[in-house]
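Quick notes on the structure that follows.
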Amino acid sequence: MVLPPAHSSRLKYVSLGVLVFQTTSLVLTMRYSRTLKEDGPRYLASSAVVSAEVLKILVCTLIVFMENNFSVRLLKEEIVNKPVETLKLAIPAGIYTLQNNLLYVALSNLDAATYQVTYQLKILTTALFSVSMLGKRLGLYQWLSLLFLMAGVTLVQWPTESEVDSEQVVLSAGSQFVGLMAVLTACLSSGFAGVYFEKILKETKQSVWVRNIQLGLFGFLFGIVGMTVYDGERVRESGMFQGYNTITCTVVALQALGGLVIAVVIKYADNILKGFATSLSIIVSTLISYFLLEDFNPTSLFFMGAMLVIAATFLYSNERKPANGSAIKV
């Protein structure tokens, strides 16, 4: 199937918009779920990661069935009969599983502002991996836009003295170090796995949904191993789905949706634009916190940061398009 340039461009920005919505919703619901006080045990992060992978596999399988008149022939040909191609997804799947678990660790040990600012380092790592692994050539505008983006997000999330006093959060040095290492490792893994997956998607004729099934299968296996190793005793005592409620199910659903949206974004855009969408979602989250939750007071730093992020987005989009990019094949 060949998409005309106008259609592919619309699809790219629609997918980016959906990614902003998904990331914003996930940040808000995940933060709420990890701070909600309950009588029973809190849900296991490793269990939520496994559940999200299962849901992603089910959704992608349903889509493939619908596209192929509910025939299993395509899945058998692409997954079972091509073991080498399938095994290529084991590397990013394992890294994504590690990354998803690390983010829960980070959220449990760092305050929200520190976590969100530090996690934006994944944009820089993604750019570096894109240059080294995909041979991307970033011009001066692109490098400047990355610097503006980092500065803008930092200003937006920079905590004020009043915010620190009102939160009254006291974190031990050990806890902060664990959280910081978790975020930095997640940034590196996110950059490498995202670019690796982008390379596979753009070099293959396989459906993005089939690739996501392959990715999800390995992610499920790695997730089960991680849950058994780190939370095996708690699972045996109270079950895998302990502490699950409506909020937990929403977090799981948003995580699964995120994997699908990101795959579409990678197919039609690239990982650096995905990073911009994530950064814009932070600003949207902040606005929602102000207008709906009423727990944030915007400062001059916020407006300066927002302007920098918007400027960076337009600056990056000024990249020259290839002359032969008349159609995109999917």
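The values are calculated or read from the model by the stated rules, or taken from the named source; none is laboratory data. What you see is a predicted model; the values in this text were computed from it and never measured. Here the Cβ positions follow ideal geometry from the backbone for every residue, glycine too, while neighbour counts run over all protein chains shown. Heads up: the accessible areas ignore ligands, DNA and RNA and are worked out on the full protein's heavy atoms, side chains in. Shrake-Rupley method; radii C 1.70, N 1.55, O 1.52, S 1.80 Å.
Would you confirm, using the coordinates I've provided, whether residue 284 is in contact with a Ser or Thr (Cβ under 7 Å, 6 or more places away or on another chain) and either at pLDDT below 70 or buried (at least 22 other Cβ atoms within 10 Å of the Cβ) (or both)?
Values: in contact with a Ser or Thr (Cβ under 7 Å, 6 or more places away or on another chain): yes; either at pLDDT below 70 or buried (at least 22 other Cβ atoms within 10 Å of the Cβ) (or both): no.
No; evaluated as a whole, the condition is false for this residue.
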Quiz item: Quick check: is even one residue across region 257-268 open to solvent by less than 10 Å² (accessible area, probe 1.4 Å), modelled with pLDDT of 90 or more and assigned to a helix (DSSP H, G or I)?
Solution: no
Practice problem: List every residue pair whose Cβ atoms lie under 6 Å apart, where the two residues are 6 or more positions apart in sequence or sit on different chains, the first residue falls within region 122-140 and is in contact (Cβ under 8 Å) with a residue 60 or more places away in the chain, and the second residue, located anywhere, is outside any helix (DSSP H, G or I) and surrounded by 12 or more Cβ atoms within 10 Å (Cβ to Cβ). | Solution: 130/136
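Quick grid of which residues meet (1) open to solvent by less than 50 Å² (accessible area, probe 1.4 Å); (2) of a type in the set (Lys, Arg); (3) modelled with pLDDT under 75; (4) over 30 Å from residue 206 (Cβ atoms):
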| residue | (1), (2), (3), (4) |
| --- | --- |
| 2 | no, no, yes, no |
| 5 | no, no, yes, no |
| 10 | no, yes, yes, no |
| 22 | yes, no, no, no |
| 25 | yes, no, no, no |
| 48 | yes, no, no, no |
| 61 | yes, no, no, no |
Quiz item: Do we find that residue 120 is under 18 Å from the mean Cα position of the chain (by Cα), under 30 Å from residue 218 (Cβ atoms) and at pLDDT 70 or above in this structure?
Solution: yes
Practice problem: Being at pLDDT 90 or above and among the acidic types (Asp, Glu) is the filter here, so list the residues in region 201-236 that pass it. | Solution: 231, 233
Self-check item: Candidates 89, 140 - the one that is of a type in the set (A, V, I, L, M, F, W, C), modelled with pLDDT of 70 or more and either open to solvent by 50 Å² or more (accessible area, probe 1.4 Å) or out of contact with any Lys or Arg (no Cβ under 8 Å at 6 or more places or on another chain) (or both)
Solution: 140
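Within region 207-228, identify whether any single residue is in a helix (DSSP H, G or I), farther than 21 Å from residue 55 by Cα and open to solvent by 40 Å² or more (accessible area, probe 1.4 Å), and answer yes or no.
In the first step, residues of region 207-228 are kept if they are in a helix (DSSP H, G or I); the result is 208-228.
Then keep just the ones that are farther than 21 Å from residue 55 by Cα; that gives none.
Taking every residue of region 207-228 in turn, none turns out to be in a helix (DSSP H, G or I), farther than 21 Å from residue 55 by Cα and open to solvent by 40 Å² or more (accessible area, probe 1.4 Å).
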Practice problem: State which residue is farthest from residue 202 (Cα to Cα) when the search covers only region 63-100 and only residues that are touching a helix residue (DSSP H, G or I) at 6+ places or on another chain (Cβ under 6 Å) and hydroxyl-bearing (Ser, Thr, Tyr). | Solution: 97
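So which residues in region 229-243 are open to solvent by 50 Å² or more (accessible area, probe 1.4 Å) and in a helix (DSSP H, G or I), if there are any at all?
229, 230, 233, 234, 236, 237, 238
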Quiz item: So is residue 146 open to solvent by less than 20 Å² (accessible area, probe 1.4 Å), in a helix (DSSP H, G or I) and at pLDDT 80 or above or not?
Solution: yes
Exercise. Return yes when residue 246 is free of Cβ contacts under 8 Å to residues at least 24 places away in the same chain and open to solvent by 30 Å² or more (accessible area, probe 1.4 Å) and no when it is not.
Key: yes
Self-check item: Any hit, region 83-103, residues being in a loop (DSSP other than H, G, I, E, B) and more than 20 Å from residue 199 (Cβ to Cβ)
Solution: no
